[in-house]
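The values are calculated or read from the model by the stated rules, or taken from the named source; none is laboratory data. If you're wondering where the values come from, they're calculated on a predicted model, not measured in any experiment. All Cβ positions, glycine included, derive from the backbone under ideal geometry; neighbour counts span all protein chains shown. Heavy atoms of the whole protein, side chains included, go into the accessibility calculation; ligands, DNA and RNA do not. Shrake-Rupley method; radii C 1.70, N 1.55, O 1.52, S 1.80 Å.
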Amino acid sequence: MSAPSKPSEAMIFYDIAMRPPIASTCCSPNPWKSRLALNFKNIAYSTTWVPLPNVAEVRCALGVDACRKFSDGTNFYTLPILIDPNTDSKIGDSFDIAVYLEAKYPNSGSGNLFPPQNLDFVFNPDSALLVPLSEQRESEHDEYARFNTYVDAAFTAHTSLMAYILPFDPATAEASKAEFIRRAGVKSWDDFEVKGEKREEIKESFRLMLGDLGKLFLRDTSGPFLLGEQASYADLIVGGWLRMMRVTLPENEWEEARGWHGGIFGRLYDGLKKYAEVK
Ligand SMILES: N[C@@H](CCC(=O)N[C@@H](CS)C(=O)NCC(=O)O)C(=O)O
């Protein structure tokens, strides 16, 4: 039997709840990659919003194994998770979700999430990241998996610019902050604030990294995406991080970053708006 062009029953997508109104504050990059992919594929779904301190409990209750580990080797329970009742599938990693959607529903939505392309972006952080977001794995979409790993590393190396104004849900803000303080081994939330000269230094490093990444977008300038007018999952990977920047950078710095390198990333953010509806 050939793959169905569209699933008949709505899927359930799990994302992290931030401060209301959630549609304008949700900012977790990996769930965003999946939201963009679900909308790109024009899949019917609803979102279940999970308070940050409840992610582990929800993931365990769904029986989805952890896909990350903390540096001490303990499980790190994360979102997104996607449940597809049409196939009884539960997928707990954003890259796997995109691969799944393309494999099961190749004929749905705006086309192929994984058209062949060269994605030769490399990022080597000064020091090993404490907690890798995604690992490079053997995959039928190796080029994209490698790109995902490097893009995650490149943005993660600069999230100190963004952590302090994360829009936590007031209902669980204290517990969420306490957990971030514990993980980082700092004393108080104020230790996350980066300002002055240090901030300018990190911003410059961020700008240079985006300049490197931006070179890939200059190969085809017929549209905002890597392949010009046609978006692919590689654009959505970067788009997930742009969504985090949009919410967690001070407004003036977001405007500044949009304009860096001739506005490549501002155009990408705007171009992806058609896939950014929060459902
Ligand atoms: N490799 C995983 C990583 C998922 C991940 O790190 N999710 C973060 C949000 S972007 C999370 O759930 N964090 C929960 C927490 O920090 O407690 C994926 O791509 O889905």
- Of Leu52, Leu82, the only residue that is touching a Ser or Thr at 6+ places or on another chain (Cβ under 6 Å), hydrophobic (A, V, I, L, M, F, W, C) and either closer than 26 Å to Arg246 by Cβ or more than 14 Å from the ligand (Cβ to nearest atom) (or both) is Leu52
- May I ask you to list the residues in the stretch 183-210 that are within 16 Å of the ligand (Cβ to nearest atom) and free of Cβ contacts under 8 Å to residues at least 60 places away in the same chain? Ala184, Gly185, Val186, Trp189, Phe192
- Failed condition for Leu227, given (1) free of Cβ contacts under 8 Å to residues at least 24 places away in the same chain; (2) touching an Asp or Glu at 6+ places or on another chain (Cβ under 7 Å), with all others met? (1)
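One line per residue, one yes/no per condition, for (1) out of contact with any helix residue (DSSP H, G or I) (no Cβ under 8 Å at 6 or more places or on another chain); (2) at negative phi; (3) modelled with pLDDT under 70:
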| residue | (1), (2), (3) |
| --- | --- |
| Phe95 | no, yes, no |
| Ala103 | yes, yes, no |
| Pro115 | yes, yes, no |
| Asp120 | no, yes, no |
| Asp126 | yes, yes, yes |
| Gln136 | no, yes, yes |
| Ser139 | no, yes, no |
- With respect to Trp32, is the statement that it is within 24 Å of Leu242 (Cα to Cα), modelled with pLDDT of 95 or more and surrounded by 20 or more Cβ atoms within 10 Å (Cβ to Cβ) true? yes
- Could you look through the stretch 45-77, keep only residues that are outside any strand (DSSP E or B) and among the aromatic types (Phe, Trp, Tyr), and pick out the one that is least open to solvent (accessible area, probe 1.4 Å)? Phe70
- Query: For the stretch 37-49, how many residues meet the condition of being within 15 Å of Tyr269 (Cα to Cα) and within 13 Å of the ligand (Cβ to nearest atom)?
  - Reply: 1
- Item | Tyr14 being of a type in the set (Phe, Trp, Tyr) and more than 10 Å from the ligand (Cβ to nearest atom) | no
- Message: Among the residues of the stretch 196-206, are any open to solvent by less than 10 Å² (accessible area, probe 1.4 Å), within 23 Å of Pro29 (Cβ to Cβ) and at pLDDT 95 or above?
- Response: yes
- Condition test on Lys90, is it within 24 Å of Ala145 (Cβ to Cβ) and assigned to a helix (DSSP H, G or I)? no
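For (1) under 20 Å from Thr149 (Cβ atoms); (2) among the hydrophobic types (A, V, I, L, M, F, W, C), each residue gets a yes or a no:
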position: Asp212; (1), (2): yes, no
position: Leu227; (1), (2): no, yes
position: Leu236; (1), (2): yes, yes
position: Pro250; (1), (2): no, no
- Task: May I ask you to list the residues in the stretch 227-241 that are out of contact with any Pro (no Cβ under 8 Å at 6 or more places or on another chain), surrounded by fewer than 22 Cβ atoms within 10 Å (Cβ to Cβ) and at negative phi?
- Result: Glu229
- Message: Condition check: at negative phi and within 12 Å of the ligand (Cβ to nearest atom). Does Tyr77 satisfy that?
- Response: yes
- Please go through the stretch 161-182 and pick out each residue that is over 20 Å from the mean Cα position of the chain (by Cα) and either open to solvent by 50 Å² or more (accessible area, probe 1.4 Å) or away from the ligand (no atom under 14 Å from the Cβ) (or both). Pro170, Ala171, Glu174, Ala175, Lys177, Ala178, Glu179, Arg182
- Can you work out which of the residues in the stretch 93-111 that are more than 17 Å from Asp152 (Cα to Cα) and within 19 Å of the chain's Cα centre (by Cα) is least open to solvent (accessible area, probe 1.4 Å)? Leu101
